[in-house]
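Peer 1: First, the structure itself, so that you have it in front of you.
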Amino acid sequence: MDGVDVAGRVDGRTARAERTRAAIVEAHLALISEGDLRPTGERIAERAGISLRTLWTNFKDMETLFEASGAEVLRQQDAAHRPISPALPLPKRVDAYCRQRARLLQLIAPSARAAQMREPVSEQLHRNRLKHIERVREEVEELFAVELAEAGQGREQLLNALVTASTWQAWSMLRYGLGLGVDQARAVMSRTVGALLAEVAPD
């Protein structure tokens, strides 16, 4: 019985630690979504209902918190993602892809804007961004495999152009640089992606 009791206490502590870490990540992302793009440890701890000491016991520094928050944003994106059939005609694939990209980019907009401010001095935020780019790259390669194959030696250049047109930096330019609404920004993305693919679409 003693062994069972010890195991139960360990499992309980592990579960509490996981709940605390989840609460910290939730507080971090909530503050960012409300416009506090550089929340301090003090504000995050207060929002999570814990002490500052507990915060830094669970995360040794902001970089480890950025890693956990980045993983949660990716999880939210994965949950919201809906597969698009590569068998659809090209115009329908482009439309479905850009509609989904617009929706997912709006989902991550607060955290992406916050990361943009700190990424020059944060290796973890840079790694987080590369993960998002890799997800987009993988989807583009699968969804537009036929057109990319038709590009021949220009495949890599076309792939890079498509990824660039549908990642956060381009979306940020459309939304906050040019001041376009979501539908207008999505229309520009669709026009760009469609034009790039139309050059190599098989007859």
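Peer 1: What distance in nm lies between label points placed 7 Å from Cα along the C-beta direction at residue 34 and residue 75?
Peer 2: Roughly 2.1 nm, to one decimal.
Peer 1: Quantify, in whole percent, the carbon and sulfur part of the accessible surface of the stretch 113-203 (1.4 Å probe; protein heavy atoms only).
Peer 2: Ligands and nucleic acids excluded, carbon and sulfur reach 52 percent.
Peer 1: If you don't mind, another one. Order the peptides 101-107, 49-55, 86-92 from the highest to the lowest mean number of other Cβ atoms within 10 Å of their residues.
Peer 2: Highest to lowest by the protection proxy: 101-107, 49-55, 86-92.
Peer 1: Now a separate question. Which residue, 64, 167, 14, tops the fluctuation ranking in a GNM of the chain built on C-alpha contacts under 10 Å?
Peer 2: Of the options given, 14 has the highest mean-square fluctuation.
Peer 1: Counting only Cα, what are the radius of gyration and maximum Cα-Cα distance Dmax of the chain, in Å?
Peer 2: That works out to 20.9, 73 Å for Rg and Dmax.
Peer 1: Give the Cα extents of the stretch 42-150 along the principal axes, in whole Å, largest first.
Peer 2: 56, 25, 20
Peer 1: For an R0 of 35 angstrom, estimate the FRET efficiency from the Cβ-Cβ distance between residue 118 and residue 145 and round to the nearest 0.05.
Peer 2: After rounding to 0.05, the efficiency reads 0.45.
Peer 1: Here's a follow-up. Per residue, what accessible area does the chain have, given a 1.4 Å probe and all protein chains present, in Å²?
Peer 2: Averaged over the residues of the chain, the accessible area is 57 Å².
Peer 1: Something else about it: What list of ³J(HN,Hα) couplings, whole Hz, do you get for the stretch 22-37 from phi and the Karplus terms 6.51, -1.76, 1.60, once you set θ to phi - 60° and write x for glycine and proline?
Peer 2: For the stretch 22-37, the Karplus curve yields 5, 5, 5, 4, 4, 5, 4, 5, 5, 4, 5, 5, 8, x, 8, 7 Hz.
Peer 1: Still on this structure: Just reorder 192, 164 by solvent-accessible area, largest first, 1.4 Å probe, all chains present.
Peer 2: Final ranking, largest accessible area leading: 164, 192.
Peer 1: Separate question: Ignoring ligands, DNA and RNA, please state the percent of accessible area on the stretch 1-109 from carbon and sulfur, probe 1.4 Å.
Peer 2: In the stretch 1-109, the share of accessible area belonging to carbon and sulfur is 55 percent.
Peer 1: May I pose another question? State the answer as a single residue: which of 64, 14, 83 lies farthest towards the positive end of the charge dipole of the stretch 1-140, with beta carbon charges of +1 for Lys and Arg and -1 for Asp and Glu, about the Cα centre.
Peer 2: 83
Peer 1: Mind grabbing the accessible area of residue 61 for me, 1.4 Å probe, Å², rounded to tens?
Peer 2: Roll a 1.4 Å probe over it and residue 61 shows about 60 Å².
Peer 1: Compute the helix-to-body angle for 182-198: its Cα long axis versus the longest principal axis of the chain, expressed 0 to 90° and rounded to tens.
Peer 2: Helix 182-198 sits at roughly 50 degrees to that axis.
Peer 1: Okay, next question. Given the DSSP H assignment, sum -39500 (n - 2.57) over each helix run of at least 4 residues in the chain and divide by its residue total; what's the result at 222 nm in deg cm²/dmol, nearest 500?
Peer 2: -25000 deg cm²/dmol
Peer 1: For the peptides 146-152, 78-84, what is the packing order when you average, over each peptide's residues, the other Cβ atoms within 10 Å and list the highest mean first?
Peer 2: So the order, starting with the most tightly packed, is 146-152, 78-84.
The values are calculated or read from the model by the stated rules, or taken from the named source; none is laboratory data. All values derive from a computational prediction rather than experimental measurement. Positions of Cβ are generated from backbone atoms using ideal geometry, with glycine treated the same way; all protein chains shown enter the neighbour counts. We work out accessible area using only protein heavy atoms, side chains counted, and drop any ligands, DNA or RNA first. Shrake-Rupley method; radii C 1.70, N 1.55, O 1.52, S 1.80 Å.
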